[in-house]
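J.: So that we are looking at the same thing, I have put the structure below in structure tokens.
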Amino acid sequence: MTAEDTLQQARERIGACADPGALKELEREYLGKKGAVAAMLAEIPKLAPQARKADGQRANDLKQALQALFDERGAALATTKLDALLRADDFDPTLPPPRALRGGLHPITQVTRELEDLFTSMGYEVLDGPEVELDHYNFEALNISKDHPARDSQDTFYCDDAGRLVLRTHTSPVQVRAMEKRKPPFRVIAPGRVFRQETTDASHDHTFYQMEGLVVGKDISVAHLIGAMKTLLRGMFGRDLEVRLRPGHFPFVEPGFELDARCPFCEAGCSVCKRTTWIELLPCGLVHPNVLRAGGIDPEVFSGFAFGLGLSRLVMLRHGIDDVRHLLSGDLRFLEQF
Amino acid sequence: MKASLRWLSRHIDLSGLTPETIANDLTLSTAEVEGIERFAPATSDVVVGHVVSRERHPDAEKLSLCRVDVGAGSGPGEALQIVCGAPNVAAGQKVAVAKIGTKLPGDLTIKRSKIRGVESFGMICSARELGVGDDHDGIWVLPENAPLGASVASALALEDFVIEIDNKSLTHRPDLWGHRGLARELAAIYERRLRPLDLAPPATGSGAAYPVAIESPACTRYVALVIDGVRAGRSPEWLRHLLLAVGQRPIDLFVDLSNFVMLDLGQPNHVFDRHRLDALGAGRGIVVRAARASAAETIRTLDGVERKTTPADLLICAGDAPVALAGIMGGDDSKVAPESEALLLEVASFRATTIRRTSSRLGLRTDSSARFEKALDPHLPLAAAGHFARLLQSIAPGVRFPAKPTDVGVWQDPTTTIELRAERVRSALGKPLPASEIRGILERLEFGVEATSVETAGETFRVRVPSFRATKDITMEQDLVEEIGRIHRYGNIAEAPLTFTIAPPARDERRRLVRHLQDRLAGGGRFRENLSYSFIADALLEKLGASDEPHVRVINPVHQGESRIRRTVAPSLLPALEANRRHHTDVRLFEIGKAYEPEASDARGEPRERHYLALAWAGSRPNPKTARWDGSRLQKLQAVVEDLVASFGLARGTWTKDGNPPRWAHPGKSLFLALPGAPHAAAVVAELEPGLAPKLGLAGDLDSEVAVAELCLDALLSAERRGSAYRPLPRYPGIKVDVAVSVPEATRAGELVALVESAGKGQVVDVELFDLYRGKSIGEGRKSLAFHVLLQSDARTLTDQDEQKFLQRFEKLVTEAGGELRKA
């Protein structure tokens, strides 16, 4: 067979080959160690010297031509295969991936952290206080006298008949504990759980969460309190909310206020704000001189403000939770939503 | 507390002010207004009609057929035909007519209708239907001079708004429990004058004053006024309507007037039947004394309930017979008889705490006790007696006051004087108020203000606190700051930024640890954070067999059997497992919380507080055929705990069985983690005690493999930290060798790891157990453990020879230890 015939035949066979494996096989048949071109080259030394050059040249040309054909076909087949791969997979986007179990933090923890981060960024210290608290810190030092109605056993869990130990009814006892260990100026917050001896229903639980705030320094005023509360709201709701202070009576502040904020959920009244467009958000006030004294701070020299934020209530507002008892229910169907 | 604007208008001119404005201003300056209501709104929708004629209904004996003229330009011939069922309807009456289309309370709309075949074009209303009384005896007959066709509300001057004030925002303000006090606030807010009110006792006869003896310091003043010549009849309409507006049911003249004086001045009072008093007390007069301990005295109060007293209660007695529970409720035996014309008015001052305690012990809270609890102005009794007498005189001109009022008791004028520095007001409010405004506000609130001296340049005042504010609320300079701030309005104070020296708060290791644990568990650990109650149920403790453990207890629990405060946190998670397992195959919960140990109380009596992390992991049991040797939940939870400890940077600890298993733990499968530096085990991980599972409801379909762990945060915080220095990367490749040994069951894995390390002569850098197998090929009572071992040197590349030497040494050690090296 002449080189031309060989080339012609190979061209046809390569053209017909659709499988990369078969193509490799074919390539070996022509260009392998024992292939057609090798056989042709092996014949050359046997030829007359004058014919060797021409035949050698022909064999080499054939080899190159064949190699080019194989490379071209190989590249074409690879492209075809890639095209097929790219075309073939029409993946169902609605096919669910394997279910992964997810962990998560309690919504109370989430909101507590946000507030801790907000306040620590302004140099507040985060404090902790005991839940089983001395009557002294929970009441006496906070200017709540023995005869004050807040001390009724209807509101307070007492741990002994002598009334020395109670479950703290608010986070405010941390105020005096903080004063005892610090010199003004200072600013602290104290989130934590508190207890009230009351019958439970959808909006009352005997255990809930609060966050106390306390700032003590020289010439701390109502104007500072308003500024700090606006900053707090900005951090909590991500925008400026109009606030109003109105008189509110708490024995450990004087003057005392209720701080209302414009309802962040509506403009014309909704169920959250009971159609008033105001949300009663937190009690606050200037620290009562008797409380400063109980903490070893001279009220003639220093003053301060304090506030108490209802964390459980905030969580309920934020997520529209209609029953406070879900918070401590331990029900995964509830916990998994946060 | 409900306040009627019409009532307030008796004390102050409210013209030009809407109910909404008043409510809003009171909220911002005084006390929270919870709502505004129109009084008897239906009276504005019905009109005055004149019954022109009344005939019997042709077809019903008890019905009347009336023709009613309702004015509005229509002549008498055009009067409405109305069928009426009331027995008291009569021609010539003025009546309240609801015309067609009028809406009445209770969603009733008047329509044209046929009653027994006769058409009716409206309804003649009763007072009850219009919300102005509860008279049952038929239609409301209006005064003859009521203008025809006018709305009943305007014709009878009933138009009124009632604002409801949150009682909680009045606890410190005894002066605001009457309309006069509220009017005083409005006078200060709007800079208007209070109308004068004459409270002096009226002229009396010269008879002997009624005898009153006070035997208890809990009564500080007792005023008694003898009243003759008037019987309890129906009160005038204006009085009835004002009482109705604030939610009081009119009864008769004496009860109504007593209530009116209380709601007007805030001073409770009581009217006795004097003949009954004299009969009960054999003419010995009034004695105020504590109830007797020995006698176990009882008194039947006006509500008909027989009440036992204790020596802490204060009684009003006629002679020796109790006739009233002081300050709370009168007695049934001495109440005014309808025919009686001999009365005694009591107006007294009682100690607030005495009244509060008795009222709270008996669960009997009345309008009277609510006011006495607030510490009332001791000046009030005589003023209130005068008010009562003058009002009675104006209503019943025949009344006689035969004797001067008795006025006994030992009381102090609470009026005080406080020094006020204007500069103090400014620095507390954060606003430069001029001294004149400070002074003006206080004067409007009826405080007396005078500048102390010329030197202070009008910047320091002596402020006289009026007695009605001095009993409780205003005792110091700071209290005056509040008065000025609230009337000036806090909303008029601009916010100011806090300025402080910038310094980051101190590093808080405990909080850092808590956050680390939470994040790690909620993230990679895939646990859900739970918060449970601090109370631990007796029933649970019983299941745990832990009823004997000491607990902090509350003496007044909300729920029976939930008086104890937890001393560790893990038990709190156990009750949640059953409910969650009903809808979850894999339940992973954690909780970080506080627990208390009463036996370790400090000198001040505070129980020791510990902070714990508890973990509970429950799920269905694995198939023993396919389960991996290290697939138990116990071991998985152990891995979670190791991760928590290591990722917080603590030095590596050791797991042992040396510890007291908690009551919830399987004693044979309780593992304790000892950390270097920690005084006691930092963690316990265990399988749930198998006998406990069914008691927790984890049986049958809910049968679960449960592992529980508890970490003591205090121990973690005291544990040593792992070194933080960097280790250079290996310079020479290591050799991986796998070894498997068969050993008796009792041999611990840790012993084998020690043998591997010993055989490696310092070249072992990692040992990992990758299989644990028991089976026939190994033999009864034996097990096989297989390890990946990594040998590596810092000095050179290790060779096959090193591996062979290691294996030879290891085989020797294993054989000595009773094991056998298994050839691959």
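The values are calculated or read from the model by the stated rules, or taken from the named source; none is laboratory data. Remember, it's a predicted structure, so these values are computed and weren't measured experimentally. Every residue, glycine as well, gets a Cβ built from its backbone with ideal geometry; the counts of neighbours run over all protein chains shown. The accessibility values were calculated without ligands, DNA or RNA, using every heavy atom of the protein model including side chains. Shrake-Rupley method; radii C 1.70, N 1.55, O 1.52, S 1.80 Å.
J.: Sort out for me the strands (runs of 3 or more DSSP E) sitting completely within the range B:1-82 that have 1 or more residues that are small (Gly, Ala, Ser) and at pLDDT below 95. Steps first, answer last, please.
T.: Numbers: elements: B:2-4, B:33-38, B:47-57, B:60-69.
Filter on the range B:1-82 gives B:33-38, B:47-57, B:60-69.
J.: Looking at the range A:156-169 only, could you name the residues that are touching a Phe, Trp or Tyr at 6+ places or on another chain (Cβ under 6 Å) and more than 8 Å from chain B (Cβ to nearest Cβ)?
T.: A:166
J.: What single numbered condition from (1) over 25 Å from residue B:654 (Cβ atoms); (2) touching a Lys or Arg at 6+ places or on another chain (Cβ under 7 Å); (3) part of a helix (DSSP H, G or I); (4) not basic (Lys, Arg) fails to hold for residue B:693?
T.: Result: residue B:693 fails condition (2) only.
J.: List, please: which pairs have Cβ atoms under 6 Å, are six or more places apart or on different chains, and start with a residue in the range A:137-149 that is touching a residue at least 24 places away in the same chain (Cβ under 8 Å) and end with one that is open to solvent by 10 Å² or more (accessible area, probe 1.4 Å) and part of a loop (DSSP other than H, G, I, E, B)?
T.: Listed pairs, sorted by first residue: A:142/A:252; A:143/A:251; A:143/A:252; A:143/A:288; A:144/A:251.
J.: With a cut-off of at least 1 residues that are closer than 22 Å to residue A:116 by Cβ and modelled with pLDDT of 95 or more, name the strands (runs of 3 or more DSSP E) lying wholly within the range A:232-312. Lay out the reasoning, then the answer.
T.: Working: elements: A:243-247, A:253-262, A:278-287, A:303-310.
Passing ranges, in order: A:278-287, A:303-310.
J.: Kindly provide the set of residues from the range A:30-69 that are closer than 15 Å to residue A:10 by Cα and surrounded by fewer than 14 Cβ atoms within 10 Å (Cβ to Cβ), ordered by number.
T.: A:61, A:64, A:68 - these are the residues of the range A:30-69 that are closer than 15 Å to residue A:10 by Cα and surrounded by fewer than 14 Cβ atoms within 10 Å (Cβ to Cβ).
J.: To continue, here is another question. Residues being in contact (Cβ under 8 Å) with a residue 60 or more places away in the chain and farther than 14 Å from residue B:65 by Cα: count how many of those fall in the range B:104-142.
T.: Residues flagged as in contact (Cβ under 8 Å) with a residue 60 or more places away in the chain and farther than 14 Å from residue B:65 by Cα within the range B:104-142 amount to 10.
J.: So residue B:334 ticks every box in (1) surrounded by fewer than 24 Cβ atoms within 10 Å (Cβ to Cβ); (2) of a type in the set (S, T, N, Q); (3) touching a helix residue (DSSP H, G or I) at 6+ places or on another chain (Cβ under 6 Å) but one. Which box is left unticked?
T.: Exception for residue B:334: condition (1).
J.: Okay, next question. Name, by its number, the condition in (1) open to solvent by less than 40 Å² (accessible area, probe 1.4 Å); (2) modelled with pLDDT of 95 or more; (3) facing chain A (nearest Cβ under 7 Å) that does not hold for residue B:525.
T.: (2)
J.: If you don't mind, there's one more thing I want to ask. In the set B:651, B:646, B:639, B:665, which member is touching a strand residue (DSSP E or B) at 6+ places or on another chain (Cβ under 9 Å), surrounded by fewer than 22 Cβ atoms within 10 Å (Cβ to Cβ), aliphatic (A, V, I, L, M) and away from chain A (no Cβ under 14 Å)?
T.: On the way: B:646 fails: touching a strand residue (DSSP E or B) at 6+ places or on another chain (Cβ under 9 Å); B:639 fails: touching a strand residue (DSSP E or B) at 6+ places or on another chain (Cβ under 9 Å); B:665 fails: surrounded by fewer than 22 Cβ atoms within 10 Å (Cβ to Cβ).
Answer to the selection: B:651.
J.: Name the pairs whose Cβ atoms lie under 7 Å apart, with the first residue in the range B:482-501 and at the interface with another protein chain (Cβ under 9 Å from one of its Cβ atoms), the second open to solvent by 50 Å² or more (accessible area, probe 1.4 Å), and 6 or more positions between them or separate chains?
T.: That search, which allows pairs on different chains as well, returns B:493/B:431; B:495/A:230; B:500/A:185.
J.: Next up: Does residue B:512 satisfy being in a helix (DSSP H, G or I), more than 9 Å from chain A (Cβ to nearest Cβ), on the phi < 0 side of the Ramachandran plot and without any contact (Cβ under 8 Å) to a residue 40 or more places away in the chain?
T.: Values: in a helix (DSSP H, G or I): yes; more than 9 Å from chain A (Cβ to nearest Cβ): yes; on the phi < 0 side of the Ramachandran plot: yes; without any contact (Cβ under 8 Å) to a residue 40 or more places away in the chain: yes.
Against the criterion (in a helix (DSSP H, G or I), more than 9 Å from chain A (Cβ to nearest Cβ), on the phi < 0 side of the Ramachandran plot and without any contact (Cβ under 8 Å) to a residue 40 or more places away in the chain), residue B:512 qualifies.
J.: Right, residue B:447: within 19 Å of residue B:30 (Cβ to Cβ) and touching a Gly at 6+ places or on another chain (Cβ under 8 Å) or not? Give the derivation first.
T.: Details: within 19 Å of residue B:30 (Cβ to Cβ): yes; touching a Gly at 6+ places or on another chain (Cβ under 8 Å): no.
No.
J.: Would you please name the residue that is least open to solvent (accessible area, probe 1.4 Å), looking only at residues in the range B:551-588 that are among the hydrophobic types (A, V, I, L, M, F, W, C), facing another protein chain (nearest Cβ under 7 Å) and over 29 Å from the mean Cα position of the chain (by Cα)? Talk me through it step by step, then tell me what you get.
T.: In the first step, residues of the range B:551-588 are kept if they are among the hydrophobic types (A, V, I, L, M, F, W, C); the result is B:552, B:554-555, B:558, B:565, B:569-570, B:573-574, B:576-577, B:579, B:587.
If we keep only those that are facing another protein chain (nearest Cβ under 7 Å) too, we end up with B:552, B:554-555, B:558, B:565, B:576, B:579, B:587.
From the residues that got through so far, the ones that are over 29 Å from the mean Cα position of the chain (by Cα) too are B:579, B:587.
On the way: B:579: 56, B:587: 0 Å².
Only one residue fits best here, namely B:587.
J.: Scan (1) closer than 29 Å to residue A:100 by Cα; (2) open to solvent by 70 Å² or more (accessible area, probe 1.4 Å); (3) more than 9 Å from chain A (Cβ to nearest Cβ) for the single condition residue B:507 breaks and write down its number.
T.: It is condition (1) that residue B:507 fails.
J.: Any residue at all in the range A:59-72 that's in contact with a helix residue (DSSP H, G or I) (Cβ under 9 Å, 6 or more places away or on another chain) and either within 14 Å of chain B (Cβ to nearest Cβ) or among the polar types (S, T, N, Q) (or both)? Before you say what the answer is, go through the steps one by one.
T.: Of the residues in the range A:59-72, the ones in contact with a helix residue (DSSP H, G or I) (Cβ under 9 Å, 6 or more places away or on another chain) are A:59-63, A:65-67, A:69-70, A:72.
Pick out the ones that are also either within 14 Å of chain B (Cβ to nearest Cβ) or among the polar types (S, T, N, Q) (or both) and you get A:60, A:67.
Checked the range A:59-72: at least one residue is in contact with a helix residue (DSSP H, G or I) (Cβ under 9 Å, 6 or more places away or on another chain) and either within 14 Å of chain B (Cβ to nearest Cβ) or among the polar types (S, T, N, Q) (or both).
J.: Further question on the same structure: (1) farther than 30 Å from residue A:147 by Cβ; (2) away from chain A (no Cβ under 14 Å); (3) not in a helix (DSSP H, G or I): which one isn't true of residue B:440, the others all being true?
T.: With respect to (1) farther than 30 Å from residue A:147 by Cβ; (2) away from chain A (no Cβ under 14 Å); (3) not in a helix (DSSP H, G or I), residue B:440 is out only on (3).
J.: Any idea which of B:191, B:185 is open to solvent by 30 Å² or more (accessible area, probe 1.4 Å) and either charged (D, E, K, R) or modelled with pLDDT of 95 or more (or both)? Steps first, please.
T.: Working: B:185 fails: open to solvent by 30 Å² or more (accessible area, probe 1.4 Å).
Testing whether each residue is open to solvent by 30 Å² or more (accessible area, probe 1.4 Å) and either charged (D, E, K, R) or modelled with pLDDT of 95 or more (or both) leaves just B:191.
J.: Something else about it: Considering every residue within the range B:594-607, establish whether at least one is of a type outside the set (A, V, I, L, M) and either within 25 Å of residue B:772 (Cβ to Cβ) or not assigned by TED's automatic domain parsing to the domain that holds residue B:536 (or both). If you could, list the steps in order and put the result at the bottom.
T.: Of all residues in the range B:594-607, those of a type outside the set (A, V, I, L, M) come to B:594, B:596-599, B:601-602, B:604-607.
Pick out the ones that are also either within 25 Å of residue B:772 (Cβ to Cβ) or not assigned by TED's automatic domain parsing to the domain that holds residue B:536 (or both) and you get none.
No - not one qualifying residue is present in the range B:594-607.
J.: Just wondering, is there one or more residues in the range B:35-44 that are among the aliphatic types (A, V, I, L, M), within 14 Å of chain A (Cβ to nearest Cβ) and open to solvent by 10 Å² or more (accessible area, probe 1.4 Å)?
T.: Taking the range B:35-44 as the starting set, the residues that turn out to be among the aliphatic types (A, V, I, L, M) are B:36, B:40, B:42.
Applying the additional criterion that residues be within 14 Å of chain A (Cβ to nearest Cβ) yields B:36.
Of the ones still in play, those that are also open to solvent by 10 Å² or more (accessible area, probe 1.4 Å) are B:36.
There is at least one residue in the range B:35-44 that is among the aliphatic types (A, V, I, L, M), within 14 Å of chain A (Cβ to nearest Cβ) and open to solvent by 10 Å² or more (accessible area, probe 1.4 Å).
J.: Restricting the range B:265-284 to residues that are assigned to a loop (DSSP other than H, G, I, E, B) and out of contact with any helix residue (DSSP H, G or I) (no Cβ under 8 Å at 6 or more places or on another chain), which is surrounded by the most Cβ atoms within 10 Å (Cβ to Cβ)? Break it down stepwise before answering.
T.: Going residue by residue through the range B:265-284, those that are assigned to a loop (DSSP other than H, G, I, E, B) are B:266-269, B:281-284.
Keeping just the survivors that are out of contact with any helix residue (DSSP H, G or I) (no Cβ under 8 Å at 6 or more places or on another chain) gives B:281-284.
Values: B:281: 19, B:282: 11, B:283: 11, B:284: 16.
So, considering only residues that are assigned to a loop (DSSP other than H, G, I, E, B) and out of contact with any helix residue (DSSP H, G or I) (no Cβ under 8 Å at 6 or more places or on another chain), the one surrounded by the most Cβ atoms within 10 Å (Cβ to Cβ) is B:281.
J.: When only residues in the range A:124-155 that are part of a loop (DSSP other than H, G, I, E, B) and either aliphatic (A, V, I, L, M) or touching a Leu at 6+ places or on another chain (Cβ under 9 Å) (or both) count, which is farthest from the other protein chains (Cβ to nearest Cβ)?
T.: Initial filter on the range A:124-155 (part of a loop (DSSP other than H, G, I, E, B)): A:124, A:127-131, A:139, A:143-148, A:152-155.
When the remaining residues are screened for being either aliphatic (A, V, I, L, M) or touching a Leu at 6+ places or on another chain (Cβ under 9 Å) (or both), the result is A:124, A:127, A:131, A:144.
On the way: A:124: 7, A:127: 9, A:131: 6, A:144: 12 Å.
Filtering first and then ranking leaves A:144.
J.: Please go through (1) more than 8 Å from every other protein chain (Cβ to nearest Cβ); (2) open to solvent by 50 Å² or more (accessible area, probe 1.4 Å); (3) more than 30 Å from residue B:361 (Cα to Cα); (4) out of contact with any Pro (no Cβ under 9 Å at 6 or more places or on another chain) for residue A:219 and return the number of the only condition it doesn't satisfy.
T.: (1)
J.: For the range A:150-169, give me each residue that is surrounded by 14 or more Cβ atoms within 10 Å (Cβ to Cβ), without any contact (Cβ under 8 Å) to a residue 24 or more places away in the chain and out of contact with any strand residue (DSSP E or B) (no Cβ under 7 Å at 6 or more places or on another chain).
T.: Residues satisfying the conditions are A:151, A:160.
J.: Being touching a Leu at 6+ places or on another chain (Cβ under 7 Å) and among the small types (Gly, Ala, Ser) is the requirement here; does residue B:282 meet it? Steps first, answer last, please.
T.: Details: touching a Leu at 6+ places or on another chain (Cβ under 7 Å): no; among the small types (Gly, Ala, Ser): yes.
No, not satisfied.
J.: State the number of residues belonging to the range B:612-666 that are assigned to a strand (DSSP E or B) and of a type in the set (A, V, I, L, M, F, W, C). Outline the logic, then answer.
T.: Filtering the range B:612-666 down to residues assigned to a strand (DSSP E or B) leaves B:612-619, B:650, B:654-656, B:665-666.
Next, only the ones that are of a type in the set (A, V, I, L, M, F, W, C) stay: B:613-618, B:650, B:655, B:665.
Selection size over the range B:612-666: 9.
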